[in-house]
1. Please flag any cysteine in the chain that has no other cysteine's Cβ under 4.7 angstrom from its own Cβ.
2. Looking at region 9-223, what % of its DSSP beta bridges pair antiparallel, to the nearest 5?
3. Grab the DSSP H runs of the chain that are 4 residues or longer, score each as -39,500 (n - 2.57), total them, divide by all residues and round the 222 nm result to the nearest 500 deg cm²/dmol.
4. Using DSSP to call loops (not H, G, I, E or B), can you name the trypsin sites (Lys or Arg not before Pro) in region 102-177 whose Cβ has at most 13 other Cβ atoms within 10 angstrom?
5. If you count, for each residue, the other Cβ atoms within 10 Å and average over each peptide, how do 108-115, 55-62 line up from highest to lowest?
6. Only Cα pairs under 8 Å and at least 6 apart count here; give the relative contact order of the chain as a rounded whole percent.
7. Over region 162-226, what is the mean sequence separation of C-alpha contacts under 8 Å (at least six apart), divided by residue count, expressed as relative contact order in percent?
8. Just to be sure I understand, if you calculate volume of the Cα convex hull per residue in Å³ for this structure, which of [x] 149; [y] 112; [z] 139 do you get?
Amino acid sequence: MTEPIESTAGEYFGARVAEYDALIRACVPRYDEMLERLVGYLPPAPAAILELGTGTGNLASAVAARFPDAALTLVDAAPEMLELAGQRLPGASRVVSRFEDLAVPEGSFDLVTSAISLHHVEDKAALYARLFAALRPGGALVFADQLMGRTPDLHGVNWEAWLAHCRAPGNCTEEQTRSFLDHAEAHDHYTPLEEHFDLLRAAGFVELDCVWRNWIWGIIHARRPA
């Protein structure tokens, strides 16, 4: 029997906080490499950082280690996740909110980052416009996410490769894999890379690049002009 699908993505992940760290590494190939690569493309000295979809704090911990003097604001829709992340990063500010409902003061951050979370947002145009406004001139948006392939055939290759990884011995159970698929159908909104670029460019971002990619996962870099 598959697990019930919670009504929101926040509820889905909040219910899995105890197993999240092991589960994310079992279902996302090269997860730690992806985080390391993302941190490698961050700007040199951001004073204020906003992270969307903090989860248990894996990316936030790496960001805090690189920029120990930066003010870090963590956002997640699952209070259970933020509670654990707050234990790991006691100096960070925490905000429980869906991204669509988040109120961000204009010009308040030098960096916005995220890992495998923005695909839960359907209206990315509105989100990117708000993130652009939240950044100070010269600020950067750097995030990892699941991407739609440019064509259905290409996306199918990436999708099947991911499922094969999940089902490999020692990774995910069939029940867990089925739960991921049900969750994706209920809550995920994948966007092709070119459409991300179009939406980011329309919001005002420049220096758009996909700086790392592995199957359905990629890292996108964008910057607000100085």
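1. So far as the 4.7 Å Cβ criterion goes, C27, C210 stand without a partner in the chain.
2. Bridges in region 9-223 that DSSP calls antiparallel: roughly 40 percent.
3. -12500 deg cm²/dmol
4. For trypsin sites (Lys or Arg not before Pro) across region 102-177 that sit outside H, G, I, E and B with at most 13 neighbouring Cβ atoms in 10 Å, the list reads R150, R167.
5. 108-115, 55-62
6. Value for the chain: 22 percent.
7. Worked out over region 162-226, it gives 21 percent.
8. It is the value labelled [y].
Every read-out reported here was derived from the displayed coordinates using simple, explicitly stated rules and does not represent laboratory data. Since this is a predicted model, take the numbers as computed values, not measurements. Neighbour counts are summed over all protein chains in view; Cβ atoms, including those assigned to glycine, are modelled from backbone coordinates with ideal geometry.
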